[in-house]
There are 2 protein chains.
Amino acid sequence: MYVDIGNAIETTPGVSRDSLDRLDDHVARAHERIQAGRADDEHGYAALNLPETTDPNAIHRAVEPFADPAAFLTVGIGGSALGAATITAALDSEVDAHYLDNIDPVQTRMLLDSLPLDRTVVNVVSRSGTTAETLSTFLVVREAMDAAGVDWTDRTLVTTGEEGNLRGLAARHDLPSLPVPGGVPGRFSALSTVGLAAAAVCGHDLEAVLDGGADAAKSLSGSLFESPAYGYGAVSYALADRGALTNVMMPYAESLEDFAEWFAQLWAESLGKDGLGQTPARALGATDQHSQLQLYRAGPHDKLVTLVRPREYDDLGIPETDLAGLSYLGGSSLGELLDAEFEATEASLAAADVPNVRVELDAVDEYALGELLYAMEAACILYGELAAVSTFTQPAVEWGKRAARGLLGGGDFEEAAAVADKQSLEID
Amino acid sequence: MYVDIGNAIETTPGVSRDSLDRLDDHVARAHERIQAGRADDEHGYAALNLPETTDPNAIHRAVEPFADPAAFLTVGIGGSALGAATITAALDSEVDAHYLDNIDPVQTRMLLDSLPLDRTVVNVVSRSGTTAETLSTFLVVREAMDAAGVDWTDRTLVTTGEEGNLRGLAARHDLPSLPVPGGVPGRFSALSTVGLAAAAVCGHDLEAVLDGGADAAKSLSGSLFESPAYGYGAVSYALADRGALTNVMMPYAESLEDFAEWFAQLWAESLGKDGLGQTPARALGATDQHSQLQLYRAGPHDKLVTLVRPREYDDLGIPETDLAGLSYLGGSSLGELLDAEFEATEASLAAADVPNVRVELDAVDEYALGELLYAMEAACILYGELAAVSTFTQPAVEWGKRAARGLLGGGDFEEAAAVADKQSLEID
């Protein structure tokens, strides 16, 4: 992975080269804190040990009973789905990977109606075994299998903690199961059982993913100028501190669209605290040049734009044409056009004084994905250290969970009472 | 459509009820300006006349030659694709609607390999007939049809302006064609030929879409308290002016995910000017409660969260369960859970003093989509009037286009020279 921060220095907002040098002392101290946390397998920091602690063979063994599946359906929400989705969406496979990571009844029915349930493996993923969305959806999936005459106990894998409902269910029905790693919040679990079971069934090379992560781990050092991960994290932090409260994550590869979703959770849930945090905005090149670029160039100077691309990919030639004014395209390729637009957009942001960072992968493959996911996690953890926030918690989502529980299940929930008190000013 | 602004008053940032009353005078004047523009079919304002000026029969006639297609492929980028995608993604159909709205070689090949080209209709959409991405992709599609032994002239519809390459191509090969409406920027063209051809082939009721738009037009009035569209536009403007520089568009229906994309273009490209403009952030309920909600509640108070949902939809029951702690879910439904989470999230934002607006549709159907798209366009135009920006232009995207053209085609482009001068600080 290559990170180029040249276009984020002296922009508006921007960080001066001198300030970056001073910030590098903070990075050195933060790196020590991170390494100490890793050495003790502390909550959260343990995520950065996953390339060493994840056993790919255990994952292969857990999915082995499911011979020749046509589809792999992950039932899980947030961090229980996004890491797996990032990897399977990026890579080609004979097995279709699907995700039920919402509770939309229309979408759920449509997907279940379209799947060959007798050749589908279901992976239900919830650390606690009590996630309302995931368990509700799993109950619906189980019923659909019953209705289709499929024995759900033959088709279900469980990924969960050491105790709880799902662990009990697995024991009762002798289901294959995987543990979730201890001390690793869901959004940091891509390089564990949580992110890799789908990849295994889809035939991807888990060892290569973990190798990429391990090499990214090796490249962490006490200087932002020597570690791509820390370079990205430190510059993002410095820019946010100077007013870039939005971080546009804009891959120039459709295969990395899910990566932008994964990044958005990582960044928002880890850093959105104490009134701080960059808002991730997901974009896609080249498409969003025709949608968002006007705003990025001419709107408020409150953004960092992160441009991501692979250096190598399978290209597709553009046939010659006699259409007036378009002959410059013929004999070129879609990839050359995409690359020209990437560089043009990068320069057009720089010309408008908008900070941007270039992140490049060698290719979209297992190794590079492992490297990218690990590096972004390390970048996020570094940012959290620099900002002195509680990177590994997400306390602000609990209020809504209690309110929803109160609304549905009854009982004495003050949050549900607050919902009933809503002030309305309706216009219709 | 129903807009409830009760949770956007006296929040942080927020607008006081008194200020809203004062702002209503501005709304009255802006409404006069908009109505005058509509009366003269002025550039941009003409978009608000589309429910009257669009002839659904002309669209039906243009697609009539293509009997019994299995797939409808739109080749177009930005506003040439997003309106059509919003409608076809929201509604069920026997015909699969696909979009090539990027130039990603991997994705383009994968889609073309998967389509039954002999039963696919291609709609190539470009007002100017020179859009590099669209024309390049069309040349690739045409070659794929040749390779598959399909006569592309039998399978191609052209949607373009009165002159230019594509118009000439249509004449030369006697292709069915549709005009693009005059005076309507692409991002405002959903209720025209540009947005409706795909819907027609997918069997949707164009008249109902236009009826929804026409009724939304009737509800425009000189007061934000009497028009849902203006209520939304005025509150968004007032909040942005007071520091809500991000507008989170968060539908609680997967069928409306593409709507959020369409909205993002409308908002960003129309209002991102002169250092002003709200950054649209696309989110999805309930999924993003497990991803973005922590940030929305506990991060910087720089956001308006727009929560959108249909009041009616096909529901799906949750089977009874004996899993410990989950019995409150059994006998309920995914829809009830989704609705409880919608209301809980809305209240949890309010409890954290974060402004939010509720937008409700009767259902996700043709009529409501027409109403929603029209109302959001009117909201955007009102916002642009209040902010005194040039809503209907997008000058800041031209720099990059010239640079890309220079990089690919050569010639003397100062923008391409600026690209070559890029300052690098690469970390690897």
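No lab work stands behind these numbers, since they all come straight from the coordinates. Only a predicted model underlies this, so the values are computations on that prediction, with no experimental measurement involved. Here Cβ is always computed from backbone atoms with ideal geometry, including for glycine, and neighbour counts include all displayed protein chains.
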Alpha-carbon centroid distance for the pair the stretch A:319-338 / the stretch B:333-368, whole angstrom
47 Å
Going Cα to Cα from A:Lys422, which lysines come in below 28 Å? Please leave out same-chain ones fewer than 8 positions away.
A:Lys273, A:Lys401, B:Lys303
Label distances, nm, B:Thr153 versus same residue in remaining copies, Cβ-directed 7 Å point:
6.5
Over all directions, the average projected area of the alpha-carbon convex hull for the stretch B:55-180 comes to how many nm²?
7.3 nm²
If you rank B:Phe188, A:Phe138 by fewest surrounding Cβ atoms within 10 Å, what's the result?
A:Phe138, B:Phe188
For the stretch A:314-380, shape from the Cα gyration tensor axes a ≥ b ≥ c, cut at a/c of 1.5 then a/b versus b/c, turns out oblate
Treating the beta-carbon of each Lys and Arg as +1 and of each Asp and Glu as -1, no other charges, what is the dipole magnitude of the stretch B:55-180 about its Cα centre, to the nearest 20 debye?
280 debye
Calculate one ³J(HN,Hα) per residue across the stretch A:154-166 by plugging θ = phi - 60° into the Karplus curve 6.51 cos²θ - 1.76 cosθ + 1.60, and present them in order as whole Hz with x for glycine and proline.
7, 10, 10, 10, 10, 10, 7, x, 6, 10, x, 3, 6
Percent RCO, i.e. relative contact order, over the stretch A:48-207, from Cα pairs under 8 Å lying at least 6 residues apart:
34 percent
If neighbour count is taken as other Cβ atoms inside 10 Å, put A:Thr246, B:Thr11 in order from fewest to most.
B:Thr11, A:Thr246
Quick check: the angle from helix B:257-271's long axis to the longest principal axis of chain B, C-alpha only, nearest 10 degrees?
90 degrees
When you take every Cα atom in the protein assembly as shown, what is the radius of gyration, and what is Dmax, the widest Cα pair distance, in Å?
25.9, 73
With a ≥ b ≥ c the root eigenvalues of the C-alpha gyration tensor of the stretch B:238-292, is it rounded (a/c under 1.5), prolate (a/b larger than b/c) or oblate?
oblate
Stretched out fully, how many nm does the piece from B:Lys218 to B:Ser128 gain, at 0.36 nm a residue minus the Cα gap?
29.2 nm
So how strong a dipole does the protein assembly as shown carry about its Cα centre when Lys and Arg Cβ are +1 and Asp and Glu Cβ are -1, to the nearest 20 debye?
1400 debye
Check: C-alpha center the stretch A:93-160 vs C-alpha center the stretch A:399-428, spacing in Å is 29 Å
Under the 7 Å Cα-to-Cβ spin-label approximation, B:Asp151 and A:Asp412 lie apart by a distance in nanometres of 7.9 nm
Chain B to chain A by rotation: the residue of B with the beta carbon nearest the axis and the rounded distance in Å are B:Ala281, 3
Rounded to a whole number, the Stokes-Einstein D of chain A in µm²/s (Kirkwood radius over Cα pairs; 25 °C; 0.890 mPa s) is 106 µm²/s
With x for Gly and Pro, the residue-by-residue ³J(HN,Hα) of the stretch B:99-111, computed from phi through the Karplus equation 6.51 cos²θ - 1.76 cosθ + 1.60 at θ = phi - 60° and given in whole Hz, is 9, 9, 10, 8, 10, 6, x, 5, 5, 5, 5, 4, 5
Can you find, among B:Gly6, B:Leu349, B:Trp152, the residue sitting farthest towards the positive end of the charge dipole of chain B, where Lys and Arg contribute +1 and Asp and Glu -1 at Cβ?
B:Trp152
Just grab the label-to-label distance for A:His43 and B:Ala28, each label 7 Å out from Cα along the Cβ direction, in nm (one decimal).
5.8 nm
With -39,500 (n - 2.57) per DSSP H segment of 4 or more residues and division by the full residue count of the protein assembly as shown, the 222 nm estimate, nearest 500 deg cm²/dmol, is -14500 deg cm²/dmol
Pop out the ³J(HN,Hα) list for the stretch B:17-24 in order, Karplus 6.51 cos²θ - 1.76 cosθ + 1.60 with θ = phi - 60°, rounded to Hz; leave Gly and Pro as x.
4, 4, 5, 4, 4, 5, 4, 4
Rounded if a/c is under 1.5, else prolate if a/b beats b/c, else oblate: with a ≥ b ≥ c from the C-alpha gyration tensor eigenvalues square-rooted, which is the stretch A:27-91?
prolate
When each copy gets a label point 7 Å from Cα toward the beta-carbon at B:Pro395, what are the spacings between them in nm, shortest first?
4.8
Distances from B:Glu226 to the same residue in each other copy, label points 7 Å out along Cα→Cβ, in nm, shortest first?
7.1
To the nearest 20 debye, what charge dipole does chain A have about its Cα centre, counting +1 at the Cβ of each Lys and Arg and -1 at the Cβ of each Asp and Glu?
1220 debye
Roughly how far apart, in whole Å, are the Cα centres of the stretch A:192-220 and the stretch A:40-71?
8 Å
Please order A:Glu163, B:Glu10, A:Glu254 by the number of other Cβ within 10 Å, starting at the fewest.
A:Glu163, B:Glu10, A:Glu254
